[in-house]
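Visitor: Please find one structure pasted underneath; my questions will follow.
The values are calculated or read from the model by the stated rules, or taken from the named source; none is laboratory data. Note that this is a predicted model, so its numbers are computed, not measured. With ideal geometry, Cβ positions are generated from the backbone for all residues, glycine too; neighbour counts draw on all protein chains shown.
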Amino acid sequence: MKLGQGLWLSTQRVADDRPPEWPGGGVPQQVSLDLAVDDLDTAEDAAPAVEARRAATQPSPERWRVLLDPAGHPFSLTTLLSRVVSAPHP
């Protein structure tokens with residue numbers, strides 16, 4: 001998947017992968033993926049189109065939305081990073 005100006009995100013399938021038990025649990029999270037969005041509600045509403053679903057635990061839903069991919073791996077949507085990304089660079 002190509003995102004933005006040249007950022008490339010790639011994954012690979014792992015046989016017998018067990019999704020993490022988030023938050024906490026016996027299987028730790030393998031990576032933290034935070035995606036910058038302009039509007040949390042709009043981005044979350046689009047999640048089912050890529051087979052993502054809302055996680056039961058939402059530590060800070062006004063700033064972050066935790067979603068699960070089809071295999072159960074968590075990732076986050078946030079408006080906090082979009083402010084940093086869109087700031088002018090020197």
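One line per residue, one yes/no per condition, for (1) of a type outside the set (D, E, K, R); (2) modelled with pLDDT of 70 or more:
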residue	(1), (2)
G4	yes, no
L9	yes, no
R13	no, yes
P19	yes, yes
G24	yes, yes
Q29	yes, yes
L33	yes, yes
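Visitor: Return yes or no: is D45 assigned to a helix (DSSP H, G or I) and of a type in the set (D, E, K, R)? Reasoning before the result, please.
Guide: On the way: assigned to a helix (DSSP H, G or I): yes; of a type in the set (D, E, K, R): yes.
So D45 passes the test.
Visitor: Here is a list: R65, R54. Which entry is modelled with pLDDT of 90 or more, farther than 21 Å from D17 by Cα and either surrounded by 15 or more Cβ atoms within 10 Å (Cβ to Cβ) or in contact with a Leu (Cβ under 9 Å, 6 or more places away or on another chain) (or both)?
Guide: Exactly one of R65, R54 is modelled with pLDDT of 90 or more, farther than 21 Å from D17 by Cα and either surrounded by 15 or more Cβ atoms within 10 Å (Cβ to Cβ) or in contact with a Leu (Cβ under 9 Å, 6 or more places away or on another chain) (or both), namely R65.
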